[in-house]
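Working notes for the structure below.
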Amino acid sequence: MLSKTVFERIIDREITAEIVHEDEWCVAFRDIHPQAPVHVLVVPRRPFASLDALTEYDEGLAGHLLLVAQRIAREEGLSEGYRIVVNTGQHGGQTVDHLHIHVLGGRPMRWPPG
């Protein structure tokens, strides 16, 4: 059996995290190394390795994750704007092999980001 990712361990409550949203499809929690005043990760319960692992059958899940990210931004008071980031693969900056959406805000975001 493959070992669980840190996100699976958070979902299974093996690791403590500050959870801000939870439903049957995903869990959202504050990043422990925030890159902005608000930095929340939206993680599907099902462990997709990355965005590239989604198929057309996962369209409902993908839309749900984005709507949860939008809801979190609203609840966190990010009315002046926020950034959504999905890192995919090593060159994309992905460090955990479990699809996750970063919700970043609370300060002006610069471009280009990296």
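Just a few scattered comments:
- When only the Cβ of Lys, Arg, Asp and Glu is charged (+1, +1, -1, -1), the dipole of the chain relative to its Cα centre reaches about 380 debye.
- Max-minus-min Cα coordinates of the chain on each principal axis give 44, 29, 27 Å, with the largest extent listed first.
- For residue 51, neighbours were defined as the other residues whose beta-carbon sits under 14 Å from its Cβ, and their charges (Lys and Arg +1, Asp and Glu -1) total -4.
- Carbon and sulfur %, accessible surface of the chain computed with the full protein complex present, 1.4 Å: 52
- Value of relative contact order over the chain, rounded to a whole percent, pairs C-alpha under 8 Å and six or more apart: 29
- At an R0 of 25 angstrom, the distance between the Cβ atoms of residue 52 and residue 21 translates into a FRET efficiency of 0.55.
- The chain - accessible surface per residue (Å², probe 1.4 Å): 64
- Per-residue [θ]222 nm for the chain (sum of -39500 (n - 2.57) over DSSP H runs n ≥ 4, rounded to 500): -6000 deg cm²/dmol
The values are calculated or read from the model by the stated rules, or taken from the named source; none is laboratory data. The model shown is predicted, which means the values in this text are computed figures rather than measured ones. Note: ideal-geometry Cβ built from the backbone for every residue, glycine included; neighbour counts use all protein chains shown. Side chains included, ligands, DNA and RNA excluded: accessible areas come from the protein's heavy atoms. Shrake-Rupley method; radii C 1.70, N 1.55, O 1.52, S 1.80 Å.
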